[in-house]
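The values are calculated or read from the model by the stated rules, or taken from the named source; none is laboratory data. The structure presented is a predicted model; accordingly, all values stated were derived computationally and were not measured. In this analysis, Cβ positions are derived from the backbone assuming ideal geometry, glycine residues included, and neighbour counts consider all displayed protein chains.
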Amino acid sequence: MDVRSQIAMVFHLDKCIGCHTCSIACKNIWTDRKGAEYMWWNNVETKPGTGYPNKWEDQSVYKGGWTKSDNELRLKGMDRKSTMANIFHNPHMPVMDDYYEPWTYDYANLFEAPAGDDQPTARPISLVTGEPIDIKTGPNWDDDLGGSPDYARQDVNMHDLTPAEKEAMFQLERMTMFYLPRICNHCLNAACVAACPSGAIYKRGEDGIVLINQNKCRSWRMCVSACPYKKSYYNWNNGKSEKCLLCYPRLETGQAPACMHTCVGRIRYLGVLLYDADRIKEIASCNEKDLVAKQMEIYLDPFDEQVRQAARKNGVAESTLESARKSPVWKFVKEWGIALLLHPEYRTLPNLFYVPPLLPAIADTSTGSYETTCASLWGGIESSRVPMQYMANLFTAGDTEKIREVLKKLMAVRIHRRGVTVGDLHEDECKQAFAETGLTADVADAIFRLTSLPKFGERFVIPAAHREEATELLENTADIKGNTGFGTLNTPQRI
Amino acid sequence: MSDIFLLIALPYTALIVMLVGSVYVYGTQAYKVTSLSTQFLESRDLFFGGLFMHWGIVALFFGHLIAFLFPASVIAWNGNPVRLIILEAAALIFGISFFVGVVILIFRRLRNKRLHRATTDMDIAVFVVLLTQAVTGIWIALTYRWGSAWFASVLTPYIRSLFLMNPVLAAVSAMPLIIKIHISTAFLLIGMIPFSRFMHFLVFPVKYFWRPFQVVMWNRDRKLMRNSTAMTPEVKSRNN
């Protein structure tokens with residue numbers, strides 16, 4: 001057992017209002033630079049939709065992530081030899097038009113235009129060429145199902161849906177959508193790290209943040225195509241790849257990452273998970289049907305004394321272990337089992353979990369009035385406007401049973417809280433909901449509290465970075481008598 | 001006089017600049033060391049241009065290197081005229097591939113406005129040098145036949161004499177001007193390495209063949225952390 005700690009995240013999709021404040025916070029801090037204008041290390045997509053870059057989930061084109069062939073785990077795109085053979089031209093790499101060409105507006109013209117018959121306009125100006133452009137697409141061009149024929153209908157996750165189900169998703173009265181905020185997953189089995197020919201990308205041992213060493217990146221750009229989530233971006237100006245760094249300068253000083261700190265819907269949670277690094281390969285290469293369950297197995301119980309001992313032996317700080325016990329991520333993921341991973345079938349073992357959204361049920365209009373209440377206990381889930389298969393393709397590698405189980409738990413919490421606050425539900429209904437999902441009133445209340453009423457310190461449990469211990473690698477500080485405290489630069493001389 | 005400049009002063013300057021400059025740039029400005037790929041801005045033309053150019057120049061580089069390192073073997077290979085023609089034809093094909101690649105890449109740069117923004121003055125110099133080498137190389141191959149044969153007897157002794165710090169110009173100064181241009185531009189290219197995207201020759205990631213897939217780095221070394229005296233035995237702490 002090789003216990004390490006990982007900063008993991010939970011995004012509660014039911015709470016996301018799609019305001020893009022996270023994206024702007026990130027953009028202002030990190031990517032407002034030449035060559036990085038097109039990058040959105042944090043972006044919020046509308047589902048169903050094709051996302052950013054366009055159709056990033058279509059791995060038959062981009063070949064991101066891992067695949068299991070001949071019982072062995074391989075990079076889906078290129079193995080070592082073909083990486084070298086394709087180093088002059090990466091066949092799977094998205095280009096700027098797959099994202100969008102960034103632009104600004106010629107605001108000066110509004111003030112400086114010579115007197116004329118027409119109102120002056122601010123034409124869009126490309127941030128790459130500096131010349132006027134006709135904008136064809138942009139980030140979130142498909143926001144709130146805008147341009148559905150081009151975007152939502154092209155969604156890659158509809159592959160196993162029946163034609164009737166597909167069609168139903170776009171009928172006016174059954175139409176629905178939800179938001180999917182995405183950042184780097186800081187994976188345990190990162191494909192970008194594996195694909196980098198220079199070895200410039202690495203995972204930090206202490207907190208699991210995946211970073212690109214800018215001094216070692218040689219713009220071989222294999223990470224861009226290898227990351228199945230397309231969260232490694234190429235800066236065309238300085239020839240370096242860049243990616244989300246989980247605001248590590250903020251984390252090291254005890255602050256939440258900018259996207260999480262600013263989140264208006266307070267959907268984001270961050271905390272420590274302990275995991276067993278010895279099992280990464282085994283779990284990443286297990287059979288597709290076991291993937292979802294197996295990936296949850298890699299995280300270790302911080303309350304287990306054996307795990308704690310092994311962690312201490314590995315140098316995991318005591319303060320980190322304490323954070324792990326208080327981690328909101330541990331509660332959502334393991335204690336309550338209501339958080340899932342986005343596309344676990346990419347086999348990168350991501351560390352960003354999502355609580356799936358409970359979407360509105362299909363309305364009944366047969367009586368002449370618009371009726372959305374459900375008669376049966378799980379009616380709200382069974383007649384959800386989004387087919388269960390679609391949600392399963394997103395979060396459980398196609399396993400509808402697993403996603404139904406999670407949604408039932410979320411619904412049970414709602415049923416319980418309705419019983420408590422409104423009191424119009426029969427007690428038996430509540431009991432049945434608990435019996436079928438294995439929840440109890442206490443757990444349901446705890447889920448409700450952490451979902452709806454969490455304080456800042458409950459959402460973000462950030463372990464100390466212990467930079468002072470890093471110093472101990474460079475000099476002796478307190479190991480032998482007489483080596484602490486301030487010294488003198490010159491040895492006092494006795495005459 | 002110009003021979004002394006082009007064939008002695010320039011080569012030595014270029015080699016020294018390359019060696020000292022590369023070490024300096026790699027050591028102090030590692031951030032600048034990159035191949036500056038523009039595939040993100042334009043991919044389709046790069047596929048043809050990049051592949052023709054790179055595979056051409058890789059083959060030609062090793063061809064020239066083998067002719068320099070093993071002149072006797074090359075001459076022995078050429079003993080049979082059929083083999084000589086095969087070798088010469090192969091070299092010419094790679095030369096044309098290189099030339100076609102460079103031309104495609106130049107037109108690609110000219111045509112695409114996005115690429116104008118990613119093109120520096122040094123990039124233009126790089127294209128001038130590459131195009132000169134492609135044109136002179138093919139010209140020599142066509143007009144001064146059987147280069148693989150005379151390279152070993154004329155140029156190998158010259159280059160060897162350069163490395164032995166005892167330059168001998170006797171054979172090489174009798175060469176036509178076009179060959180001298182080809183030689184001196186080659187050294188110019190070497191001298192440009194530290195200042196241009198050519199630096200990516202020197203950092204070709206061969207290590208990728210054997211490095212483990214996952215890379216983990218520790219800020220605090222778990223084995224050394226609680227035993228810092230063992231790291232620097234005999235050394236008293238600095239703050240006393």
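I'm trying to understand the selection: among the residues of region B:1-56, which are within 30 Å of B:A91 (Cα to Cα) and hydroxyl-bearing (S, T, Y)?
Those that are within 30 Å of B:A91 (Cα to Cα) and hydroxyl-bearing (S, T, Y): B:S2, B:Y12, B:T13, B:S22, B:T34, B:S35, B:S37, B:T38, B:S43.
Return yes when A:V307 is closer than 19 Å to A:R182 by Cβ and touching a residue at least 60 places away in the same chain (Cβ under 8 Å) and no when it is not.
Details: closer than 19 Å to A:R182 by Cβ: no; touching a residue at least 60 places away in the same chain (Cβ under 8 Å): yes.
So A:V307 fails the test.
Only one of A:Y299, A:Y229 is aromatic (F, W, Y), at pLDDT 95 or above and under 28 Å from A:K27 (Cβ atoms). Can you tell me which?
After ruling out the rest, the residue left standing is A:Y229.
Which members of region A:139-171 meet the condition of being at pLDDT 85 or above, within 16 Å of A:Y390 (Cα to Cα) and part of a loop (DSSP other than H, G, I, E, B)?
Within region A:139-171, A:Y151, A:D155, A:H159, A:D160, A:L161, A:T162 qualify.
Looking for whichever is within 12 Å of chain B (Cβ to nearest Cβ), farther than 19 Å from A:L349 by Cβ and in contact with a Cys (Cβ under 7 Å, 6 or more places away or on another chain) here; the options are A:A195, A:A200. Which one fits?
Every option except A:A200 fails the conditions.
Hey, could you check region B:16-34 for residues that are aliphatic (A, V, I, L, M) and part of a helix (DSSP H, G or I) and say which is surrounded by the most Cβ atoms within 10 Å (Cβ to Cβ)?
Here the answer is B:M18.
Tally the residues that are in a loop (DSSP other than H, G, I, E, B) and surrounded by fewer than 24 Cβ atoms within 10 Å (Cβ to Cβ), restricting the search to region A:231-242.
Residues flagged as in a loop (DSSP other than H, G, I, E, B) and surrounded by fewer than 24 Cβ atoms within 10 Å (Cβ to Cβ) within region A:231-242 amount to 2.
Kindly provide the set of residues from region A:166-192 that are touching a Leu at 6+ places or on another chain (Cβ under 7 Å) and either β-branched (V, I, T) or within 14 Å of another protein chain (Cβ to nearest Cβ) (or both), ordered by number.
A:T176, A:I183, A:H186, A:C187, A:L188, A:N189, A:A191 - these are the residues of region A:166-192 that are touching a Leu at 6+ places or on another chain (Cβ under 7 Å) and either β-branched (V, I, T) or within 14 Å of another protein chain (Cβ to nearest Cβ) (or both).
Keeping to region A:312-340, report how many residues are of a type in the set (A, V, I, L, M, F, W, C) and under 16 Å from A:A465 (Cα atoms).
4
Starting from region A:156-181, keep only residues that are under 18 Å from A:D364 (Cβ atoms), then list their pairs with residues that are of a type in the set (D, E) and part of a helix (DSSP H, G or I) whose Cβ atoms are within a distance under 9 Å, requiring at least 6 positions of separation or different chains.
none
Given the residues B:P176, B:P205, which is the only one that is at pLDDT 85 or above and within 14 Å of chain A (Cβ to nearest Cβ)?
B:P205
Give region A:172-201 a look and list any residue that's over 25 Å from A:H20 (Cβ atoms) and outside any helix (DSSP H, G or I), or say none.
Within region A:172-201, A:L188, A:N189, A:A190, A:C196, A:P197, A:S198, A:G199, A:A200, A:I201 qualify.
Looking only at region A:446-465, which residues are over 21 Å from the mean Cα position of the chain (by Cα) and either surrounded by fewer than 16 Cβ atoms within 10 Å (Cβ to Cβ) or more than 21 Å from A:C16 (Cβ to Cβ) (or both)?
A:A446, A:R449, A:L453, A:K455, A:A464, A:A465
Which of the helices (runs of 4 or more DSSP H) contained wholly in region A:19-119 include at least 3 residues that are hydrophobic (A, V, I, L, M, F, W, C) and in contact (Cβ under 8 Å) with a residue 24 or more places away in the chain?
Ranges flagged: A:21-30.
Which pairs have Cβ atoms under 8 Å, sit 6 or more apart or on different chains, and link a residue in region A:229-247 that is away from chain B (no Cβ under 13 Å) to one that is of a type in the set (A, V, I, L, M) and not in a loop (DSSP other than H, G, I, E, B)?
Hits for this filter: A:K243/A:V210; A:K243/A:L211; A:K243/A:I212; A:L245/A:L211; A:L246/A:I7; A:C247/A:I29; A:C247/A:A258.
Check B:A118, B:A125, B:A141, B:A149 and return the single one that is out of contact with any Pro (no Cβ under 8 Å at 6 or more places or on another chain), within 14 Å of another protein chain (Cβ to nearest Cβ) and surrounded by 14 or more Cβ atoms within 10 Å (Cβ to Cβ).
Only one candidate qualifies: B:A118.
Quick one: in region A:216-225, of everything that is in a helix (DSSP H, G or I) and closer than 14 Å to A:A200 by Cα, which residue is farthest from the other protein chains (Cβ to nearest Cβ)?
A:C223
Suppose we filter region A:205-215 for residues that are within 13 Å of A:N189 (Cα to Cα) and not in a loop (DSSP other than H, G, I, E, B); how many remain?
1
So A:I7 fits all but one of (1) modelled with pLDDT under 95; (2) surrounded by 21 or more Cβ atoms within 10 Å (Cβ to Cβ); what number is the exception?
(1)
Restricting attention to region B:77-99, does a residue exist that is surrounded by 16 or more Cβ atoms within 10 Å (Cβ to Cβ), within 26 Å of B:R160 (Cα to Cα) and at pLDDT 95 or above?
The answer is yes, given that some residue of region B:77-99 is surrounded by 16 or more Cβ atoms within 10 Å (Cβ to Cβ), within 26 Å of B:R160 (Cα to Cα) and at pLDDT 95 or above.
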